[in-house]
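Comments concern the structure below.
The values are calculated or read from the model by the stated rules, or taken from the named source; none is laboratory data. This one's a predicted model, so the numbers in the text were calculated from it and none came from an experiment. Backbone-built Cβ (ideal geometry, glycine too); neighbour counts: all protein chains shown.
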Amino acid sequence: MFDSLSDRLGGVFDRLRGRGALTEADVRGAMREVRIALLEADVALPVARAFVDKVTEEAVGQNVLRSVTPGQQVVKIVNDALVEMLGSDSADLNLDVTPPAVVMMVGLQGSGKTTTTAKLSRLVKKRGKKVLMASLDVNRPAAQEQLAVLGTQIEVATLPIVAGQQPVDIARRAMQSAKLQGFDVVMLDTAGRLHVDQALMDEMKAVADISKPDEILLVVDSLTGQDAVNVATNFSQQVPLTGVVLTRMDGDARGGAALSMRAVTGKPIKFAGVGEKLDAIEPFHPKRVAGRILGMGDVVSLVERAAEAIQADDAEKMAARMAKGQFDMNDLRSQLAQMRRMGGLGALAGMIPGMKKAQAAMAASNMDERILLRMDAMIGSMTIKERAKPELLNAKRKIRVAKGSGTTVQDVNKLLKMHQEMATAMKRIKKMGGIKGLAAMLG
Ligand code: GDP
């Protein structure tokens, strides 16, 4: 996502920053390139135009051009404008109402609406709320059953299915059940259609009348580019949306949908779907996304992902061992498992400044997951003693481990080297006052 836009803008800014002094013509030239880059990323034309006009006006100001670092200043202006275009502050769900709070999910068929309903329900449940999901999708075969299956997976209640019942009646029944059974939040997964049509809009309005939603979230597929923008425009004119969820942000969408959404709907993007799994959803943070687009990395999201992936007791055990400067193959193995939970090396690399290219290479060869699994297999082929004391691994033992894991001695050597490097890093962290000291340094 955003990769080619990011590369294009990176090129423009590198040229700007490379010069000591800038003229108005330089800035205007750069802004023309920015405009082309935005349009190629599928940003809606009026949105791209307004963006470039605003940035140009600020950037040709005398204070910028006469400053010591004009290129840097222009980049900052673009960054701030991007953040504004994406919606400034991140927006959460509004669930602090007299229960039950009602969240109505709307969108076209295939946009990821049902999956997103389950993902959000899982998040809301994690906040300690009692959630009821109800599928009003009587158009798509087995849609109601699909939601029930997801409900079982995330251990969230779903409204029992009554064959032949129509959406408005299902909504009414969901509201009654929620009140009677003391649910805090009702998630209504409405019926999608292949295209926006009047019947769909009328149905949305009727369901909204019955359920009085506190949130109406439009789910759009970011891969559909300009179409996503059109869908959002249509929906926002007819239904009082409160926010947008963009799905498939893990794909290689050019990003235009994300960048245009706020401007065309006037509503914030609240969440981003980043995969098929039910935990693959993230709050949408305009500042971080702008940072990612401008190639500055998204270190904050990285740290948050790490915190979620590392199970608390694992982390504690690890910290205790690290405090002693210990790091054996078992530790390495649990680190590898954590990396896998965090979406592999590729996903991580994209968040680290300057690592975008490495990420592309890894994603292209689908190496990351394979490498992690192979390392895990090698450690699995070691004896308990070897895992605790990797220095025991002489040539003969290495051959055995390689055979046992279907790898080569070279692979085993690489693993040992990696372990050695990490063990050294652990000792260094210990010297710096342990993880706590490190965390303090990172702020
Ligand atoms: P609906 O018709 O709008 O209810 O769509 P579904 O929820 O059934 O989703 C359609 C497909 O998109 C399913 O295969 C989902 O797993 C997939 N999907 C949904 N959200 C995402 C996402 O954020 N990333 C990816 N990669 N796939 C997604």
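A few points about this structure:
- Taking the range 187-229 as the range and being under 21 Å from the mean Cα position of the chain (by Cα), surrounded by 20 or more Cβ atoms within 10 Å (Cβ to Cβ), assigned to a helix (DSSP H, G or I) and more than 14 Å from the ligand (Cβ to nearest atom) as the test, only 229 passes.
- The residues of the range 167-186 that are outside any helix (DSSP H, G or I) and surrounded by 21 or more Cβ atoms within 10 Å (Cβ to Cβ), listed by number, are 183, 185, 186.
- Test set (1) away from the ligand (no atom under 15 Å from the Cβ); (2) within 23 Å of residue 175 (Cβ to Cβ) - residue 121 fails condition number: (1)
- The conditions of being farther than 22 Å from residue 199 by Cβ, touching a helix residue (DSSP H, G or I) at 6+ places or on another chain (Cβ under 8 Å) and hydroxyl-bearing (Ser, Thr, Tyr) are met by residue 158.
- Single residue of 379, 435 found to be among the β-branched types (Val, Ile, Thr), at pLDDT below 90, part of a helix (DSSP H, G or I) and surrounded by 13 or more Cβ atoms within 10 Å (Cβ to Cβ): 435
- Residue satisfying all of: in the range 94-118; surrounded by fewer than 17 Cβ atoms within 10 Å (Cβ to Cβ) and within 13 Å of the ligand (Cβ to nearest atom); farthest from the chain's Cα centre (by Cα) among these: 109
- Close pairs from the range 211-227: first farther than 16 Å from residue 261 by Cβ, partner away from the ligand (no atom under 15 Å from the Cβ) and among the small types (Gly, Ala, Ser), Cβ under 6 Å, at least 6 apart: 211/171; 214/101
- Residue list for the range 255-298, restricted to those being of a type in the set (D, E, K, R), closer than 27 Å to residue 238 by Cα and more than 15 Å from the ligand (Cβ to nearest atom): 262, 267
- Checklist (1) buried (at least 20 other Cβ atoms within 10 Å of the Cβ); (2) within 14 Å of the chain's Cα centre (by Cα); (3) within 14 Å of the ligand (Cβ to nearest atom) applied to residue 235, failing item: (2)
- Near pairs, Cβ below 7 angstrom, 6+ apart or cross-chain, from the range 49-78 (more than 15 Å from residue 35 (Cβ to Cβ) and of a type in the set (Gly, Ala, Ser)) to any residue that is at pLDDT below 80 and assigned to a helix (DSSP H, G or I): 71/17
- Restricting the range 414-432 to residues that are out of contact with any helix residue (DSSP H, G or I) (no Cβ under 7 Å at 6 or more places or on another chain) and at pLDDT 80 or above leaves a set whose member that is farthest from residue 327 (Cα to Cα) is 414.
Residues checked against (1) farther than 19 Å from residue 114 by Cα; (2) among the aliphatic types (A, V, I, L, M); (3) touching a His at 6+ places or on another chain (Cβ under 7 Å):
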| position | (1), (2), (3) |
| --- | --- |
| 168 | no, yes, no |
| 188 | no, yes, no |
| 198 | yes, no, no |
| 211 | no, no, no |
| 228 | no, yes, no |
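- Test for residue 143: is it surrounded by fewer than 23 Cβ atoms within 10 Å (Cβ to Cβ) and either among the acidic types (Asp, Glu) or near the ligand (Cβ under 7 Å from one of its atoms) (or both): yes
- Residue check for residue 182: in contact with a Lys or Arg (Cβ under 7 Å, 6 or more places away or on another chain), within 15 Å of the ligand (Cβ to nearest atom), farther than 18 Å from residue 282 by Cα and not acidic (Asp, Glu): no
- Only one of the numbered conditions (1) under 14 Å from residue 279 (Cβ atoms); (2) within 11 Å of the ligand (Cβ to nearest atom); (3) surrounded by fewer than 17 Cβ atoms within 10 Å (Cβ to Cβ) is not met by residue 126, and that is (2).
- One residue stands out in the range 242-254 among those that are β-branched (Val, Ile, Thr) and within 16 Å of the ligand (Cβ to nearest atom): the one that is surrounded by the fewest Cβ atoms within 10 Å (Cβ to Cβ), namely 245.
- Count of residues meeting criterion [basic (Lys, Arg) and within 14 Å of the ligand (Cβ to nearest atom)] in the range 129-140: 1
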